[in-house]
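Right, one structure below, let's go through it.
The values are calculated or read from the model by the stated rules, or taken from the named source; none is laboratory data. In this text the structure is predicted, and so the values were computed from the model without any measurement. Here the Cβ positions follow ideal geometry from the backbone for every residue, glycine too, while neighbour counts run over all protein chains shown. Surface areas here come from the heavy atoms of the whole protein model, side chains and all, with no ligands, DNA or RNA. Shrake-Rupley method; radii C 1.70, N 1.55, O 1.52, S 1.80 Å.
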Amino acid sequence: MITRKRKNKDGASSSGTINKSDDLFSSLPDNVFTVIFSFLTMREAFYACISCKKLKHLVTLIPYVEFNEKENDCFTDKEEFVQSVSRFLQNHGCLVKKFELAFDPLGKVYSRSVSDWLSSFAKKGIEEVDLMLGGTKNFKFPSSLLTAATLKVLKLRNFTVDETSITGFKNLKSLLLESMNVPDSVMGLITFHCESLQHLTLDNCSGFTEIKIVDPRSNIETLILINCCIDDFFWLNVVSLKKLVIRQRIMNFLVQGSPHVDNLILYRGAELPITWQESERVKEHIIESLGNVKSLQLGGWAFECLAGHWSTHQFTKLEEILLLDFNVCLKNTAALTKLISQAVGVNKLLISINQNSAGDHGIYTDRNFESVLANFSDDEYEKQPRIALSNNSSLGNSTIRVVKILGFTGTIYELCHIKFMLAHFRLLRLFKVTPIKDIDVDEDQSRAYAELISSYPRVSADVDILMGSEEFNLEN
């Protein structure tokens, strides 16, 4: 005999469970689940559907569709993968807002299937398309996407584009082209006809000699260039950008005019030595042309390229300096000091220390690090190559108010650099040091370094010194 448990006022049984007939979750309208699925990945939404018999039909309502032929870093059977994707799209019952595909169609073997998939969802409602077609080269751009007037984000890899491919994207806001040949004719149409485009990224692309963004109707705010394979060099002719990101193995670009770039991010890899031509190019066409930059972020060899040639140029609008993979040594410290003295309005300095170069002279690696710190006196400090930095009276006029150091490893050079900044930045209000994990998890070491740093003379009486995740705040 089946007995019914008495329910409480809220519908729960006396045992605290929910009666199946009152399962509100499975009784919700389908359109509610479509909204819920928009916040989940396809995998999460799929498992949510198959977890309940009443929800299995909702698989066809998942708005974000993602397919990757690699499962747990292993390739699935290609024929089985193609059939499963085709079957899913044929049975899909709602508009696809995002379509993401990572698949190698093996040249022309499965190209027709890929074209059919793209045609099936390229209709009103699609907002984002991300296509990664493995090592396949010259996959022709699908004309069906040109009819997708609602498309806002497009990411293409290993495709072939021509003049007719680009002109249809009137409402596109973000475009990524990777491992593609982009001739000047197509580049010009991208910047001219994609009138709503705000973010343009070229990754490992070739074929162009100029990027020209001078039309006053252009809405492009962010331009990102990553390892573009240009034989000689290419021109940047940009009037106004909020962000310009250049991550090149070599400095093979030239700047025309004096563009108004708010945020410049320049990262030059260390695979090759810095050539004389690069140095001269940086000096003549980058430093002198980008004097309107408000935020400057340098990484890798880029800092050495730029810092080695600063002369009397003034960065009157520079407010923020961010250094990535910074190698704390006398040469770079002197160059940074010179840069700060030329950027009269800079108020924030962020330094991320290069971990590969920080192992030398590390104090924290010493078993008796506490005694080393205790004996780290002014005499020891003066033995370090600091004298070259002594004639920097112009730093007394620096407007820097915030300094943050990430990846502090406890080297003598780092401590010298910190001591130097505390002694010269008169308007400093916040000085925060975040050490590497080895130090940060050890409260005794963090406190020992914090006490040492807090003992350094400070030209600013109002500066707060914070150390580590615990943020030891120690007063003089």
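Here is how the numbers come out for the structure above:
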quantity: Scan of region 439-464 for residues that are outside any helix (DSSP H, G or I) and without any contact (Cβ under 8 Å) to a residue 40 or more places away in the chain, ordered by number; calculated: Val441, Asp442, Ser455, Tyr456, Pro457, Arg458, Ser460, Ala461, Asp462, Asp464
quantity: Among residues of region 452-470, those that are modelled with pLDDT of 85 or more and either open to solvent by 70 Å² or more (accessible area, probe 1.4 Å) or more than 15 Å from Leu415 (Cα to Cα) (or both), counted; calculated: 7
quantity: Subset of region 301-314 (residues that are modelled with pLDDT of 75 or more, closer than 15 Å to Cys329 by Cα and open to solvent by less than 60 Å² (accessible area, probe 1.4 Å)); calculated: Phe303
quantity: Residues located in region 185-215, provided they are touching a strand residue (DSSP E or B) at 6+ places or on another chain (Cβ under 9 Å) and assigned to a loop (DSSP other than H, G, I, E, B); calculated: Cys194, Leu197, Gln198, Asn204, Cys205, Gly207, Phe208, Thr209, Val214
quantity: Count of region 390-423 residues which are modelled with pLDDT of 85 or more, assigned to a helix (DSSP H, G or I) and farther than 21 Å from Ile353 by Cα; calculated: 0
quantity: Verdict on Lys338 being at pLDDT below 80 and either out of contact with any Leu (no Cβ under 8 Å at 6 or more places or on another chain) or not in a strand (DSSP E or B) (or both); calculated: yes
quantity: Condition broken by Asp438, with the remaining ones in (1) modelled with pLDDT of 70 or more; (2) at positive phi satisfied; calculated: (2)
